[in-house]
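Data first, discussion second: the structure below is written as structure tokens.
The values are calculated or read from the model by the stated rules, or taken from the named source; none is laboratory data. Bear in mind the structure is a predicted one, so any value in this text is a computation, not a measurement. Don't worry about glycine lacking a Cβ; one is built from the backbone with ideal geometry, like all the others, and counts go over all protein chains shown.
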């Protein structure tokens, strides 16, 4: 690590990873970038905006603990989706609001080419000039079958517009990472999770619903996910201060 220059770090941000192989590929890409730009960046790491470890929040926390003074986020999405740019901005702002106030936070920048960037054109043209890889023919026979899981619980994470603006994508990624890390499919009574379209109580977003009880949770963030896992999914006890009981009138987010 180069410590002679201002501590400028970078995060290579991909969408999601569901396999160890893709996480290793991201690690290797970060390592190659670090080696190539070592004079400019004291640390280069990877992160994921949805499922995958580390999350963007975890990466920001790590670099802050490493005393980074500046952080540049590089979205690995070409061409750049306007919605992804907005998502990153909101995610960083939520991280700042919830970060440890006892230590100075680094300045965070976003480095992303516009959708019509010549760099995108050159990349596409370069890919089309490479030798393509054949797509394998389908298997002659289908797999024998699938086991029906024993999981009792289902956790739904709303992905409607208001919930996404409130941080539902981070909630989903945090839940999926915890599900894998804690083996929640088999722990306790077992659980599965799913993203849904709008669940309804938009002003209470991010909204999470837990079955079989059908418990509604509102204003859920990553810390709320951890509490729901520990108390409700593993302990069978509803997290009362995050729960909203059905009633005729409108309820305000607490």
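Would you mind finding the one in 93, 103 that is exposed (fewer than 15 other Cβ atoms within 10 Å of the Cβ), at pLDDT 85 or above and assigned by TED's automatic domain parsing to the domain that holds residue 40?
Criteria check complete, one pass: 93.
Taking residue 63 as the residue in question, decide whether it is within 18 Å of the chain's Cα centre (by Cα), under 13 Å from residue 10 (Cα atoms) and surrounded by fewer than 19 Cβ atoms within 10 Å (Cβ to Cβ).
For residue 63, the condition - within 18 Å of the chain's Cα centre (by Cα), under 13 Å from residue 10 (Cα atoms) and surrounded by fewer than 19 Cβ atoms within 10 Å (Cβ to Cβ) - is not met.
Looking at the structure I just gave you, is residue 170 in contact with a strand residue (DSSP E or B) (Cβ under 9 Å, 6 or more places away or on another chain), buried (at least 18 other Cβ atoms within 10 Å of the Cβ) and either farther than 14 Å from residue 233 by Cβ or assigned by TED's automatic domain parsing to the domain that holds residue 91 (or both)?
The answer is yes for residue 170.
So is residue 98 touching a residue at least 40 places away in the same chain (Cβ under 8 Å), exposed (fewer than 15 other Cβ atoms within 10 Å of the Cβ) and assigned by TED's automatic domain parsing to the domain that holds residue 67 or not?
Taking the combined requirement at face value, the residue satisfies it.
May I ask you to say which residue of 108, 120 is surrounded by 15 or more Cβ atoms within 10 Å (Cβ to Cβ) and modelled with pLDDT of 85 or more?
108
I want to confirm something. Restricting to the range 68-79 and keeping residues that are modelled with pLDDT of 90 or more and out of contact with any helix residue (DSSP H, G or I) (no Cβ under 7 Å at 6 or more places or on another chain), which single residue is farthest from residue 18 (Cα to Cα)?
69
Taking the residues in the range 24-57 that are surrounded by fewer than 17 Cβ atoms within 10 Å (Cβ to Cβ) and touching a strand residue (DSSP E or B) at 6+ places or on another chain (Cβ under 8 Å) as candidates, determine which candidate is modelled with the lowest pLDDT.
40
If I filter the range 206-214 for residues that are surrounded by fewer than 23 Cβ atoms within 10 Å (Cβ to Cβ), under 16 Å from the mean Cα position of the chain (by Cα) and modelled with pLDDT of 90 or more, do I get at least one hit?
Within the range 206-214 (the criterion being surrounded by fewer than 23 Cβ atoms within 10 Å (Cβ to Cβ), under 16 Å from the mean Cα position of the chain (by Cα) and modelled with pLDDT of 90 or more), the answer is no, since none of the residues qualifies.
What are the residues in the range 146-185 that are closer than 11 Å to residue 207 by Cα and in a loop (DSSP other than H, G, I, E, B), if any?
Across the range 146-185, the qualifying residues are 159, 160, 166, 167.
Which one of these does residue 188 not meet: (1) within 19 Å of the chain's Cα centre (by Cα); (2) part of a loop (DSSP other than H, G, I, E, B)?
Going through (1) within 19 Å of the chain's Cα centre (by Cα); (2) part of a loop (DSSP other than H, G, I, E, B) one by one, residue 188 breaks only (1).
Go through 163, 202, 158 for me and flag whichever is within 22 Å of the chain's Cα centre (by Cα) and surrounded by fewer than 18 Cβ atoms within 10 Å (Cβ to Cβ).
The unique qualifying residue is 202.
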